[in-house]
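The values are calculated or read from the model by the stated rules, or taken from the named source; none is laboratory data. All of these numbers come straight from a predicted model, not from anything done at the bench. Here the Cβ positions follow ideal geometry from the backbone for every residue, glycine too, while neighbour counts run over all protein chains shown. For the accessible areas, the whole protein counts, side chains as well, though only heavy atoms, and no ligand, DNA or RNA atoms are used. Shrake-Rupley method; radii C 1.70, N 1.55, O 1.52, S 1.80 Å.
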Amino acid sequence: MSTLGAITQLLEIVCALLAAPAFLGWVNQCRAWLQNKRAPSVLQPYYGLRKLFHKDVVLAENASSLFRLAPYIVFGTMVAAAAIIPSMGTGLPLSMAADGIALVGLLATARVFLSLAAMDVGTAFGTLGARREMMVGFLAEPALLMVLFVAAMISKTTSLPLIAEGLTTRALGLYPSLAFTAVAFTMVLLAENARIPVDNPATHLELTMIHEAMLLEYSGRHLAMMEWAAALKLFNYACIGFALFIPWGTSTEASGPQGLLLAVPVLFAKLAVAGGGLALIETLSAKLRVFRAPEFLATAFLLAVLGLLVHLLLGD
Amino acid sequence: MSPLSFDLQLLNACAALLLLLSFSMLSQRRIVNLVNLLALQGALLCAATLLVAWRTGQGHLYLSAALTLALKVIGLPLLLHRLIRRLNVYWDAEPVINTSGTMLIGLLVVVFSFGLAQPISALASTATRSTLGIAIAVILLSFLTMITRRKAMSQVVAFLSMENGLFFGAMSATYGMPMVVELGVALDVLVAMLVLGVFFFQIREQFDSLDLHHLESLKEGE
Amino acid sequence: MDVSFSYLNACLAVLLAWGAIGLAGMIRPRSLGIAARTLFPLGALCGIALAVLAVLSIATPAERAVLPLGLPDLPFHVRRDPLASVFLALLGAASAGISIFSTGYFRKGEGALPGLLCLEYHVFLASMGLVLLADDAYAFMVAWETMALSSYFLVTTQHRIPEIRSAGFLYLLIAHVGAISILLSFGVMQGGSWQFTFDAMRAAHLSPGWATVAFGLAMFGFGAKAGLVPLHVWLPEAHPAAPSPVSALMSGVMLKTAVYGVLRVSFDLLGTPQWWWGLVALGLGLLSAFYGVIFAAVQTDMKRLLAWSSIENVGVIFTGVGLTIVFHGSGMGALAALALIATLYHCLNHAFMKSVLFLGTGSVLHATGERNLGRLGGLIHRMPWVAWLTLIGVLAIAGLPPLNGFVSEWLLLQAFLFAGDVPRTFVNMLLPVGAAVVALCTALAGYVMVKFFGVIFLGQPREAALAGAHDAGLVERLGLLWLALGCVGLGLFPVQVIETLDVVARDLLKLPAGRWGGDWWLLAPAAARHAAYGPLALFGVTLIVVALAGLGVRAVYRRRVRRGPAWDCGFVRLDARMQDTAEGFGQPIRHVFEPFFQMVRELPTPFDFAPRYRVTVGDRLWTLLYLPLGATVRWTADRVARLQQGRIATYLLYSFVTLIALLALVL
């Protein structure tokens, strides 16, 4: 383990923790702009978190310890996931211990705990949300795995840093299979992060909500941890996308400290563009009925598998 | 290092996009969008033909690219759009099998055609041979689209897309058909389109709908 | 018989001890104190001893012996090799936990006498051990049948209930159809030598056609025992009928003997399997995995749900077997070893995690008397021990890191991922689709398990009677803890396990000895250098982050934590019936995979004053396959019955004609 690797690792975790709410704020800001609304500040999610940390926690009378533990577990897994994804540099010591499949597993762990916590109090909305979250998950998870598989087959490795490195060091080429998977990945990102067209992050009290329904019983610090984890999740997904499809600009072992210095602004530039793109997609599309969501995700899953087949056929 | 030259990569990308379009057609239920996808498919085909023409220096391919552009990107879609407006059919009915199911079958079709193409393309001498599997897949997927649709209109669109697949297959296996054949096919498609247009009107006159299950009542003995 | 120490003899001694314990139960069959409280712990000790012996013996070369049992001139041949050792270890370790649990589980006045139960239980254990050690068809079949019969009696412990009797009958029927098929398979494999020792079968040279017939028969026979679709129908019937420890034993251990059988036949007795057999196993495995998991998602009975989940896991295991055969037949040794290790690993995992879950349902059943998910809920408050230990099993079977289910899933996916070079085009195209199905099944397993745990243990109690539920007793907790720790250990230390399994794989696939790559903490398959998984590091980091987050928030947070009524968007009259039910939780699956289910819905009309909604989900295969089959059998039987005239003279005539015909044949 090199010092540079350790520094990159720490920098990535800290950066993810701090920048994730800002990224969420940026997406919301872009969306407001696109919809001709007065935009909230980029810092709005931080204000929200600060507010929540200054409020009492009201626990439901029959909430179990699983309910109180879940926010920390979800948050912890999201941070661990952020530590695996090579968003800035590829020399991450921790990513040796966990490859792409483990990353998908980590994300699934977070989802399972979130759903279980939502079922814990036993309210109508909570259980409904848990069911829908799992419905989205059971198709989104294999789709994400297939997306990773295509990249892994191209690079002959499942380790994310090596995939990213492989893509940057090869001659610039067109990978039709990656086009398929990029579409699939975008669909998974939208669904997993409760964005339109699958869920609407801006509304409560709607019969079609998914993510928010699960958080209804949370308050105070627990809600803050959950919100932060959700921001981290969006950030993580964006970074997975960068690592798989546009890894250029991340530092490698060879590029040294200068590479790392360069990687930070590059990451922020990518995030800015991705946030804008995300807001654009959300503005252009309409929310699907809940029962169309499996269809949407099944399409993503099939596209990813198709990408795999195209890769095998064309041998790129 | 990627072993393929850039133009071949472009061609592969075109092929992959064609496949993607076929799948979108399979899942698309708005007929207007279906026609637009068909036009897009034609455009991709045109681009692919141009690429191959430029790569191999075969003059007649330029001509066929121009033909594709005129007929499949501009001519037929315009015609179809007019038909849609005049016949007032914008939506297909609920498909026979649900979308996910159709897509799943489509996937199996792709597996089958890719497997089928591999031994054939091993024999072919052209550099573009690896796209043959995609061409077969496009043809079969269009077939599937035809099977799963109820409206005559969408079946015709799928039929045209099948023709696109055939054309692409011919190009990737043997650098295009002889010019005479190509012209003949183009003419056939045009005539078929016109005849079908007339048919549409007749069907609607007769049944007040373009839904094809009405035709089932034409069966003898009922 | 050689009486000096060898692992084989020691293992046989343990089996003998199990038999003796079983018989000891019959001394005073009505005494619960002797049967349950004394003999079951002894059985558990034997299990631990067997596990230790088996683990120690894995790397040692094969041993064989001839037992002076059986018929004259037809003694039992036994043999212990690495493959048998792995499964013996599985049997010993899993049964130890189950036996400990059983000590506290069996109560007075429930069905069969305790002593009888003790006998059946231990004979069942011993016969499974003998199946693994048998080295000739005779001993194998005797052990196999003993296993089937003893488990049948265990399933029908509460034989006064008609449903349980019919479930038992279905199980016995399919078990015997399978056994006949296995017997026929042995008959083919002896290859004309008429020697039924396994050695003779190894030496026999079968033509490819006959080898295929033998494999097909074995697949059918062992598939019936394992619960492969379409021979799965007995599982969802038998498991809810059986007492929970028996369900655990059957699902966790007995199904694995069928896997052992397939491995033994395809790689050992038949020598080198043909590659396309693998596709058969792969296809059946994927079908079972998918079919099992979607049906598990729509069940409303907790043990039936677990039974369907077993079908899924067996499917995953057979997927691994199929992959191994494909790779082995295509001459890709390293990948075949990887796939085989994944298969064996999943067998071990499933034994532990499914046992935890079944035993957990047993505790719930005892505490509440309910199997129906619609009448449970909120038990985490009343039964914290059972709930948290079951949670470990739930997370493991859902394939979540850092527990054991994830490790085998990871290995299997790696095997799929690096399969790209199978020298057959169609297979090349099909394998990624297989990987996609495995991924889908794993994700669906997560869905099923969230439903299972959430509906039973979380939320509000759906029935008032649940308030009186009590947690499991100390010994039961101990049994659960043993198995749950197994899940954690297999999850956190995969390298140590795999190094052992690697020996087995190399021995079975006849590969040169080599060393498994990677450090002691880092799992990195030799076939795929660029893939690594270090559960300890991953778990450690996550744990540290969780702890830091928890402590950090506690340190800075200055506000109170108070309790209040649940909010639920301001709805005040919240009651337990407003929670999602088990049916409701399965609704998306019913919706998405509708064509697979045979659903009967009873919907209320708008004018009903007491509206009832009801949906029953049936298995299409039952109506499509089994009912016509049953009708055909009945029809044939009716025709045959015409021979029965009831007159003595007619029967004598039959005997006479038979005699004449036989004599004519001999002449």
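Here are a few things to note about the model shown:
- Across peptide C:409-419, the mean count of Cβ atoms from other chains lying within 10 Å of each residue's own Cβ comes to 3.
- Considering all different alpha carbon pairs of the protein assembly as shown, the Kirkwood hydrodynamic radius works out to 32.4 Å.
- Over all distinct Cα-Cα pairs of the range C:259-324, the Kirkwood formula returns a hydrodynamic radius of 12.3 Å.
- Rounded to the nearest 100, the interface formed by chains C and A buries 6800 square angstrom of accessible surface, both chains summed, with a 1.4 Å probe.
- Rounded to 0.05, the FRET efficiency of the residue A:285 and residue A:50 pair, given R0 = 30 Å and the Cβ-Cβ distance, is 0.40.
- For the range C:593-666, the solvent-accessible area of protein heavy atoms averages 86 Å² per residue (probe radius 1.4 Å; ligands and nucleic acids excluded).
- Between A:137, A:91, A:256, the GNM of chain A built on Cα springs shorter than 10 angstrom shows A:256 fluctuating the most.
- Whichever lysines have a C-alpha closer than 21 Å to that of residue C:354, once near sequence neighbours (fewer than 8 apart) are set aside: C:225, C:256, C:303, C:451
- Sites matching chymotrypsin sites (Phe, Trp or Tyr not before Pro) across the range A:224-268 that sit in DSSP coil, with at most 14 neighbouring C-beta atoms within 10 Å: A:248
- Centre separation in Å (Cα based) which lies between the range C:564-616 and the range A:148-173: 46 Å
- Gaussian network model of chain A, springs between alpha carbon atoms under 10 Å - residue of A:182, A:304, A:32 with greatest fluctuation: A:32
- Calculated [222 nm] ellipticity per residue, helices only, for chain A: -24500 deg cm²/dmol; basis is -39500 (n - 2.57) per DSSP H run with n ≥ 4, divided by all residues, nearest 500.
- Across all Cα atoms of the range C:128-280, the radius of gyration (one decimal) and Dmax (whole number) stand at 16.0, 51 Å.
- Close amide-amide hydrogen proximity is noted between residue A:89 and A:251, each under 5 Å apart and 5 or more residues distant or on a separate chain (H modeled in the peptide plane; Pro and chain starts excluded).
- Per-residue Karplus couplings for the range C:197-212, computed as 6.51 cos²θ - 1.76 cosθ + 1.60 with θ equal to phi - 60°, are listed in order as 6, 5, 4, 5, 5, 5, 7, 5, 9, 9, 5, x, x, 5, 4, 5 Hz, Gly and Pro entered as x.
- Computed in the context of the full set of protein chains, the accessible area of the range A:3-314 at 1.4 Å probe radius has 69% of its extent on carbon or sulfur.
- Summarising the label geometry, the points placed 7 Å from Cα in the beta-carbon direction at residue C:609 and residue C:623 lie 3.4 nm from one another.
- Shape call, the range A:2-99: gyration tensor on alpha carbons, a/c limit 1.5: oblate
- The range C:286-375: C-alpha gyration tensor shape, a/c 1.5 cut-off, then a/b vs b/c: oblate
- Sequence-distant contacts, meaning Cα pairs under 8 Å at least 6 residues apart, place the relative contact order of chain C at 12 percent.
- Residue of A:62, A:200, A:236 that the Gaussian network model of chain A assigns the largest fluctuation, springs spanning Cα pairs under 10 Å: A:62
- Between the range C:623-649 and the range B:47-78, the Cα center-to-center distance that results, in Å: 70 Å
- Close amide-amide hydrogen proximity is noted between residue C:399 and C:405, C:406, each under 5 Å apart and 5 or more residues distant or on a separate chain (H modeled in the peptide plane; Pro and chain starts excluded).
- Cα-based radius of gyration for the range C:1-91, normalised by 2.2 N^0.38 Å, reads 1.24.
- Nitroxide proxy distance, nm - points 7 Å out along Cα→Cβ at residue C:572 and residue B:90: 4.7 nm
- The range B:1-64: Rg to Rh, with Rh as the Kirkwood radius over Cα pairs: 1.08
- Among the trypsin sites (Lys or Arg not before Pro) in the range A:1-52, those located in a DSSP loop and surrounded by at most 11 other Cβ atoms within 10 Å of their own Cβ are A:37, A:38.
- Beta bridge orientation in the protein assembly as shown: antiparallel %, DSSP, nearest 5: 80 percent
- Debye-sum result for the range B:7-206 in log10 I(q)/I(0), which assumes one identical scatterer on each alpha carbon, at q = 0.09, 0.13, 0.14, 0.19 Å⁻¹: -0.33, -0.68, -0.78, -1.33
- Taking every lysine pair in the range A:3-314 that is 8 or more places apart or spans two chains, those with Cα atoms closer than 28 Å amount to 11.
- Cα-based equivalent ellipsoid of chain C: semi-axis lengths in Å, sorted from largest, via gyration tensor: 40, 32, 27
- Cα gyration tensor shape for the range C:516-667, rounded if a/c is under 1.5, else prolate or oblate: oblate
- Calculated [222 nm] ellipticity per residue, helices only, for chain C: -22000 deg cm²/dmol; basis is -39500 (n - 2.57) per DSSP H run with n ≥ 4, divided by all residues, nearest 500.
- In sequence order, calculated HN-Hα J values of the range A:307-315 (Karplus, 6.51, -1.76, 1.60; Hz; x Gly/Pro): x, 4, 5, 4, 4, 5, 6, 7, x
- Volume of the Cα convex hull of chain A, divided per residue and given in Å³: 127 Å³
- For the range C:62-79, backbone phi angles converted through the Karplus equation (6.51, -1.76, 1.60; θ = phi - 60°) give residue-by-residue couplings of 5, 10, 9, 7, 10, 8, x, 10, x, 7, x, 6, 9, x, 7, 9, 10, 8 Hz, Gly and Pro being listed as x.
- Interchain or long-range residues, amide H under 5 Å from residue C:76's placed H: C:67, C:69
- Surface exposure of the range A:11-97, expressed per residue as accessible area with a 1.4 Å probe, stands at 39 Å².
- Calculated log₁₀ intensity ratio I(q)/I(0) where the Debye formula runs over C-alpha points of the range C:593-666, q = 0.12, 0.16, 0.24 Å⁻¹: -0.65, -0.82, -1.05
- The range B:1-46 and the range C:377-410 have their alpha-carbon centroids 46 Å apart.
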